[in-house]
Amino acid sequence: MKKYLSILLALVMMFSLAAMTPAVVSAEEQQTVGIAMPTKSLERWNRDGTYLKDEFEAEGFKVELTYSDNDVPQQNNDIDNLIASEVDLLIVAAIDGEALNRTLGDAKEAGIPVIAYDRLIMNTDAISYYVSFDNYTVGKLQGEYVVEALGLEEAEDVVYNIEFTAGDPADNNARFFFNGAFDTLEPYIESGILNVVSGQTEFEQVATAAWSTDTALARMQNILASFYSDGTVLDVALCSNDSTALGVAQAITSDYAGDNAPIITGQDGDIANLRNIVDGIQTMTVYKNVANQAVVTLELGKLILAGEEPAEDFVDGLPIEVAYDTETYDNGTGIIPSYLLVPTTITADNLEELVETGLYEWEDDYLVSTAE
Ligand code: BGC
């Protein structure tokens, strides 16, 4: 009897020990996530890459992270390599949303699911889901900031001059940002309260290839020389994001004849732009918490890697506010189910909100990133 009791005890101990020990995943079983980011030259993608890598690795996944120097053939090549190394999931922030269909077709053939990250990827049925922010709202917040700051709703017998700078036509987001801002301001342009002195109001006229700071700088210098050198006042430079706002701010600082500080909008909360906000050079930025975007991508990725599909109420269980959108993002092959996070407006008055995220801290008078 005693013998049986001790065997029983040993068995009980074995089972409870097994339950307490975390499952050890062998190298063969460990799943790999391939992450393709556009470029290291634009600040935000460095943060996205770091946060995504950290999130997936912390959950025991292997991560292969590539940056493609804003070069389209290079990104195709990088994704080809990720497919060849048999990753189990691809997360892709496209450089050119129209240029990945052959490569992602190969991913589909190899049975590798794809999440379009931040930017929708067009004309391919290889995309399972899209994780981004509400891109139209990003532009809308910029427009609404201008309406409020200039008191346009109450304005009478006054004209404010404005110029637009938008993003890369190859990036599906760029039109959403521009439309969100333009639609908000259009009634005031039509009534004459806002005047686009250059006359450049079409997306194609104001777009900035590769979101380049230098290109935005050169175009704004041109506009200032052509339309504002006689002392015409510029009240607003509506810029779709921080990399373009940086160039526009530089042009205004060096080439603008007026002595007012035009409103300059942006998006992302890049460190250089946050400095400009403290210094009163840039006025606002639309902040998108990409650490949260990485968390949402992780939760979605985990389901996909487990061979499951997110339930209708998947977003309700997330620790972050996310909208599930099945109407807005058609990539030419049909609607891509989208998970959209919420952007917020940051000005000199609420920079502390960024510190509260834990992702930024003060260093003297300026904010720096706390990311490693
Ligand atoms: C992103 C923005 C970013 C821009 C340039 C867009 O697709 O959504 O956050 O500023 O690309 O990198």
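All of the numbers you see were taken from the coordinates with simple rules; none came from a lab. Everything numeric here is computed off the predicted structure, so don't read it as measured data. Glycine gets a Cβ as well: all are built from the backbone with ideal geometry, and neighbour counts include every protein chain shown.
Points to keep in mind about this one:
- Rounded to the nearest 500, the helix-only mean residue ellipticity at 222 nm of the chain stands at -12500 deg cm²/dmol, with each DSSP H run of n ≥ 4 adding -39,500 (n - 2.57).
- Mean Cα-pair separation over length for the chain, i.e. relative contact order, pairs under 8 Å, 6 or more apart, %: 15 percent
- Packing here is the average count of other Cβ atoms within 10 Å per residue, and on that basis the peptides 217-224, 131-138, 356-363, highest first, run 131-138, 217-224, 356-363.
- Total charge dipole magnitude, the chain, about the Cα centre, Cβ charges on Lys, Arg, Asp, Glu only, Debye to nearest 20: 1360 debye
- Its relative contact order, with pairs defined as Cα atoms under 8 Å and 6+ residues apart, puts the stretch 246-372 at 23 percent.
- Links that overshoot a 25 Å alpha carbon limit, given the list K108/K140; K140/K288; K40/K140; K53/K140; K53/K302; K140/K302: K108/K140; K40/K140; K53/K140; K140/K302
- Each of V197 and D330 was given a label point 7 Å from its Cα along the Cα-to-Cβ line. The distance between the two points is 4.0 nm.
- Between T244, T232, I263, the Cα set farthest toward the positive side of the dipole of the stretch 136-267 (charges on each charged residue's Cβ, about the Cα centre) is that of T244.
- Each Lys and Arg Cβ is given +1 and each Asp and Glu Cβ -1; about its Cα centre, the stretch 136-267 then shows a dipole of about 420 debye.
- Most to least packed among 264-277, 246-259 [average Cβ atoms within 10 Å]: 264-277, 246-259
- Computed from label points 7 Å out along Cα-Cβ, the spacing between I271 and E86 is 4.0 nm.
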